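Coordinate-derived values only; no laboratory data. Just so it is clear, the model here is predicted, and its values are computed rather than measured. We place every Cβ from the backbone using ideal geometry, glycine too, and count neighbours over all the protein chains shown.
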Amino acid sequence: MRIAVLGTGSVGRTISARAAELGHQVTIGTRNVATTLAGDYAAWTAEHPEVGLATQADAAADAELVVNATSGSGSLPALTAAGAANLAGKVLLDIANPLDFSAGFPPTLTVQDTDSLAEQIQREFPQARVVKSLNTLTAELMVRPRQLADGAHTVFVSGDDAEAKRIVTGLLVSFGHTDVIDLGDLSTARGTEMLMPLWLRLYGRLDTANFNVKVVR
């Protein structure tokens, strides 16, 4: 599958490297290729030559699936740069959280209860097929869940498009996830985004990001 990952940070790099390892054709999308290559990304890309680098628009244009691995505050600008036409009809996996760090740590949420970042993205790009997932996990557990409890923990998917959720679920299973719960339509992303205050408190208390929830039933 041709996958575009928007976001050059640690999350985007982790997702990209794992997807490429599994045989997908992966391109990371960035605002400015030259600027990105002038930074610490250069060393990473030398270690991962199989992962391409392009502008956000070019990466999205050629993709079958687009991953939003930007910060929550940067999501809409990055997707706008990618271009509505380049996102139309594409599966858009949103793994970002609407975190506001303006008042320091821990951050607050920019949206909650009656809306979600995922829904904002869907409204802004109505022809994209938005699926929310992986936003309740640290990056390494997103792509290598068996590092923790042999993978015996839960990941959620939310979205309005059943086929898009099927495609995302297939990707999650290929990463090693064994307990994928479809929460329903995209409004259910409100719940997973609102897990972040709890997740951040646990992170501070446990002094590690290597944890997750498991739904026991």
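A few points about this structure:
- Tabulated pairs, the range 122-147, first within 16 Å of Gly72 (Cα to Cα), second of a type outside the set (A, V, I, L, M) and part of a loop (DSSP other than H, G, I, E, B), C-beta under 6 angstrom, 6+ apart or interchain: Asn135/Asn97; Leu137/Asn212
- Filtered by the rule that a residue be in contact with a Pro (Cβ under 7 Å, 6 or more places away or on another chain) and part of a helix (DSSP H, G or I), the range 128-184 gives Gly151, Phe175.
- Taken together, Thr55, Thr70, Thr80 contain a single residue that is surrounded by fewer than 20 Cβ atoms within 10 Å (Cβ to Cβ) and either farther than 16 Å from Pro126 by Cα or in contact with a Ser or Thr (Cβ under 9 Å, 6 or more places away or on another chain) (or both), which is Thr55.
- Residues that are of a type in the set (A, V, I, L, M, F, W, C) and in a strand (DSSP E or B) were ranked within the range 91-114; the one that is surrounded by the fewest Cβ atoms within 10 Å (Cβ to Cβ) is Leu109.
- Test result for Thr8, assigned to a helix (DSSP H, G or I), under 22 Å from Pro145 (Cα atoms) and of a type outside the set (Gly, Ala, Ser): no
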